[in-house]
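Working notes, structure below.
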Amino acid sequence: MNKRNHQDTSGGAGYGGIRKSDFQSKAKIWEEGQDAGGGGGVDELLAVLGYKVKCSEMTDVADKLEQLEMVMGAAPNLLRDTVHYNPSDLSGWLQSMLSELNNSPNTFHDRMLQSHHIDDPLHVPAESSSVTTNSQQQQFETTQSSRIYNDDSEYDLRAIPGSAAYPQTQDRERNQKRLKTSGGSNSAPPLLPSSSPIVGVAAAGTVSEPTRSIVLVDSHETGVQLVHTLMACAEAVQQDNLKLADALVKHVELLAASQAGAMGKVATYFAEALARRIYKIYPQDCLDASYSDILQMHFYETCPYLKFAHFTANQAILEAFATASKVHVIDFGLKQGMQWPALIQALALRPGGPPAFRLTGIGPPQADNTDALQQVGWKLAQLAEAIGVEFQFRGFVATSLADIDPSMVDIRPDEAVAVNSVFELHPMLARPGAIDKVLSSIKSMKPKILTIVEQEANHNGPVFVERFTEALHYYSSLFDSLEGSGLVPSTQDLLMSEVYLGEQICNVVASDGADRVERHETLSQWRVRMGTAGFELVHLGSNAFKQASMLLALFAGGDGYRVEENNGCLMLGWHTRPLIATSAWQLIVSDSP
Amino acid sequence: MAGSNEVNRNESKMVVPLNTWVLISNFKLAYNLLRRPDGTFNRHLAEFLDRKVPANATPVDGVFSFDVFINRSTSLLSRIYRPAHGEEPQINITDLEKPVTAEVVPVIIFFHGGSFAHSSANSTIYDTLCRRLVGICKAVVVSVNYRRAPENRYPCAYDDGWAALNWVNSRTWLQSKDSKVHIYLAGDSSGGNIVHHVALQAVESNIEVLGNILLNPMFGGEERTESEKRFDGKYFVTIRDRDWYWRAFLPEGEDRDHPACNPFGPKGKILEGIKFPKSLVVVAGLDLIQDWQLAYVKGLEKAGQKVKLLYLEKATIGFYLLPNNNHFYTVMDEISAFVDSNC
């Protein structure tokens, strides 16, 4: 198995000092490699450019290209409404188009009947600490909506247009077929860390060599001085030169005060965090849960990151639930339940009628002992009743996800399960063994789909200064996006959003050990971890991409926010800097007993 | 004459390595999906399909990169590529714009290709190419993320190129020891076209550009030239798609004799007597539009301008994207010599 990653340029892709004399010998190696079939290796030159093609498949891929060209020439409109997945996997991408062309046109309903299947998850006895139930009897008559692929339709951020969210079932079949037949990493047995180059070829950098993506938001003189002083302070802190660090942090605060815009604000938060670290005055207990929820709500209103997270995760869940009559979503961080109204509405609009929908919401204990989970569950129940979706809610209080005993979560037979985690997995990295326990719990819930949204950054490195630098770049971009998106949020929303982010900065910079919960890791790193744990990707496609892009354009008035496709996952970034990543997973189906 | 599809496929397959054929055919297929007959462009799908890569301040093979705003209000970004100097495992954010230290540092302003509609500065194919240029020319490369057609027609791309040129010219940290920024313009396909027009504007505004590098530059005209007829559909490109891109870029109602498309045509500018930069023009012998490219070279010669033509007989479009053919190395050597010769 070819373990070389795309940074290793001995294959002739070196950037400097290329000489013609080197070429002859390298050309021979390439030719030999291609003639001999190349074994299991990927073509390195294409890999550098973002395309994974096995040497042994090259001829086959070329054939597929020729076939498609023939068809396109004859009937150019045939593939116009195709949903595309993972363009990096060239063979799979081409095959999915060929399959679509080979299928004779069927009605959507015929396809649905053909592919109807029922999940059979493990039946676990029910035990829980807090139960809220609402059952609805009425069924909702749905009308077939035809707003799929309509460029002109208006999308309300709070609701996903139901049928637009449902790809043709044949696409789903194609997707699942692709996962099995494509030569890519998705159909392989659990990946070992050394295989990471194949997992994330399009993403630069391996787990050990971080990619540092910077968009310089401020080249202004003061801005540079500010950053310089911050870095020097971080260095001093790392070297335990606290006297120097103290002097520097005061200087930063001075400079930051006269720095307008995002840079000044970011610097202020980082300076405060550094000061806390210097004086060791980090609060031991974590933030009051209800306060943290409020902050997140303001963040939700001010910028599209959470909306993107919810939207893309819901998209994957809807596709996974397309034909299920009973569905159960387990939300690892219910908070104010902002993700679920849109899903409930989309389920209501599902052709053929909505499924029975159960939601299990997990949340931390409340300081004032109120049952926040129940309150959210109640609100959602009211919405569900109003639009005719049979709904049940159960809340679980847990200090940590690692405390959840999967048998407590009432998984019933014949229900399709989705586990949803928006920014809830990275805190598990703060305690040894916690993440493994959580992933293991998830596996025992036998989910049809697991949706994960995480920050796209490595804030979990062992070296303080590196962590600090990474975080500085990351939050600079985030703060810049708050300022620069063109919409003017209310002053309070903006301020609270900044405080929300400031809390994260504080945690990354000032705390350590079990207290440091903002241990963000990149998608590349999560891919490896998930593969090792026995999960494989369910690709997010061009339909989700397009709708997410359109929603962003509506929300932010265009410009800075960018959706990017990354090997089957979607990322949202500010200009060229990806900031959050959504990925969808399922248990690896092994063919051998 | 186009000939049968069967013949065409075999022809193009015979002149390039298989992985190159796959790469360029993949683009061809993808691009066909994106262009709509009514002249609109499926931008969402284009962005979905395009392989992109973030900038990286950690040096890889002696090159690091970061993105900057040339113009905040128009969101005009550029990706800057700089050589790392051995010792540094990581570049501090404060050192990204550290002044260049060599006696003479060429600064290459690069305009990526894509027929004015495709690709971006952070497209992987162009990130890779720019990184090579840093090593080959010991230069700083500034890759401009110019606005694309059909959403942004002429002269947007040129305006963005012009903004970038001014920005580069005014960076003190890019100055060589003589307190001047040593600027070269380079680009492939539509990028090559942009090079010409930005250079023209530079001359008119007295900004010195030391040289133009045009790789398979995109030019055209109303007339159907011999090469267009002979190569139509044979080596990945058709007349029809070329027409589509010009219709998407040129102002509505304008034809291909517009000077943006046909700089030495009936509406072209006179270049005699002006101090136009020396040019290196690379023409692929199997490129559909070579007659227009050759006409461009002739136009420069007739105007008394210094131009070197590098004609690669058996090269197709995109040969410079993969280092697996002789043409690639020939061109890299020529570019290196072209940028070096001023020292």
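A few notes on this one:
- The HN-Hα couplings worked out from phi for the stretch A:54-66 by the Karplus form 6.51 cos²θ - 1.76 cosθ + 1.60 (θ = phi - 60°) are 5, 4, 5, 9, 4, 5, 5, 4, 4, 4, 4, 4, 5 Hz, whole numbers, x standing for Gly and Pro.
- For the stretch A:323-335, 3J(HN,Hα) computed residue by residue from phi via the Karplus equation (6.51, -1.76, 1.60; θ = phi - 60°) reads 10, 7, 9, 10, 10, 9, 9, 10, 9, 5, x, 5, 6 Hz, glycine and proline entered as x.
- Solvent exposure ordering (accessible area, 1.4 Å, most first) of B:R247, B:R36, B:R72, A:R519: B:R247, B:R72, B:R36, A:R519
- Counting protein heavy atoms only, chain B has 50 percent of its accessible area on carbon and sulfur, 1.4 angstrom probe.
- Here each label is just a point 7 Å from Cα along the line to Cβ, and for A:L101 and B:R247 those points are 2.3 nm apart.
- Summed over qualifying helices (DSSP H, 4 residues or more, each -39500 (n - 2.57)) and divided by its residue number, chain B shows a 222 nm mean residue ellipticity of -11000 deg cm²/dmol.
- The 3J(HN,Hα) values that the Karplus relation (6.51, -1.76, 1.60; θ = phi - 60°) gives for the stretch B:125-138 are, in residue order, 4, 7, 4, 4, 5, 5, 4, 4, 4, 4, x, 5, 9, 6 Hz. Gly and Pro appear as x.
- Whole-percent pair-distance distribution, where bins are 5 Å wide, for the alpha carbons of the stretch A:307-421: 2, 11, 24, 24, 22, 11, 4, 1, 0
- The solvent-accessible area of A:E498, taken with every protein chain present and a 1.4 Å probe, is close to 10 Å².
- Pairwise centroid distance, computed over Cα atoms, of the stretch B:212-281 with the stretch A:546-590, Å: 37 Å
- Residues of the stretch B:79-119 that bury at least 50 Å² of accessible area once all protein chains are present, compared with their chain alone (1.4 Å probe, heavy atoms only, ligands and nucleic acids left out), are B:Q90, B:I93, B:T94.
- Rolled with a 1.4 Å probe across the full set of protein chains, the surface gives A:H310 an accessible area near 20 Å².
- Residue separation of A:A260 and A:L244 scaled by 0.36 nm, minus their Cα-Cα distance, works out to 3.2 nm of gained length.
- Over all orientations, the stretch B:22-341 has a Cα convex hull whose mean projected area works out to 15.9 square nanometres.
- Long-range tail of P(r) for the stretch A:483-557 (Cα pairs > 15 Å, %): 75 percent
- Note on B:E334: accessible area is roughly 40 Å² with a 1.4 Å probe, heavy atoms of protein only.
- Label-to-label distance, nm, for residues given as A:D515 and B:R224 (7 Å Cα→Cβ offset): 7.7 nm
- Beta bridges from DSSP with both residues in the stretch B:22-341: antiparallel share about 35 percent, rounded to the nearest 5.
- Convex hull volume of the Cα atoms of the stretch B:1-125, normalised per residue: 190 Å³.
- The stretch B:133-238: C-alpha gyration tensor shape, a/c 1.5 cut-off, then a/b vs b/c: prolate
- Surface analysis of the stretch B:22-341 yields an accessible area of 33 Å² per residue, using protein heavy atoms and a 1.4 Å probe.
- Inter-chain neighbour count for A:45-54: the average number of beta-carbon atoms from partner chains within 10 Å of each residue's beta-carbon is 6.
- In this label model, A:W378 and B:D333 are separated by 8.1 nm, measuring between points 7 Å along each Cα→Cβ vector.
- Potential extension, B:K308-B:N10 segment - 0.36 nm per residue separation minus Cα distance: 104.0 nm
- Summing both sides, the accessible surface hidden between A and B at a 1.4 Å probe radius is close to 6400 Å².
- Radius of gyration and maximum dimension Dmax of the stretch B:192-343, Cα, Å: 15.5, 46
- Percent of Cα-Cα distances greater than 16 Å, calculated over the stretch B:181-227: 44 percent
- Set of lysines with alpha-carbon distance to B:K302 below 17 Å, sequence-local pairs under 8 removed: B:K267, B:K269, B:K275, B:K278
- Two numbers describe the Cα atoms of the stretch A:433-550: Rg and Dmax, which are 17.2, 45 Å.
- Amide H contacts for B:K52 (H built 1.01 Å from N in the peptide plane; partners 5 or more residues away or on another chain; cut-off under 5 Å): B:T124.
The values are calculated or read from the model by the stated rules, or taken from the named source; none is laboratory data. Note that the coordinates shown come from a computational prediction; the quantities given were computed from them, not determined experimentally. When we count neighbours, we look across all protein chains shown, and the Cβ atoms used for this are built from the backbone with ideal geometry, even at glycine. Please note that ligands, DNA and RNA were not included when accessible areas were found on the heavy atoms of the full protein model with its side chains. Shrake-Rupley method; radii C 1.70, N 1.55, O 1.52, S 1.80 Å.
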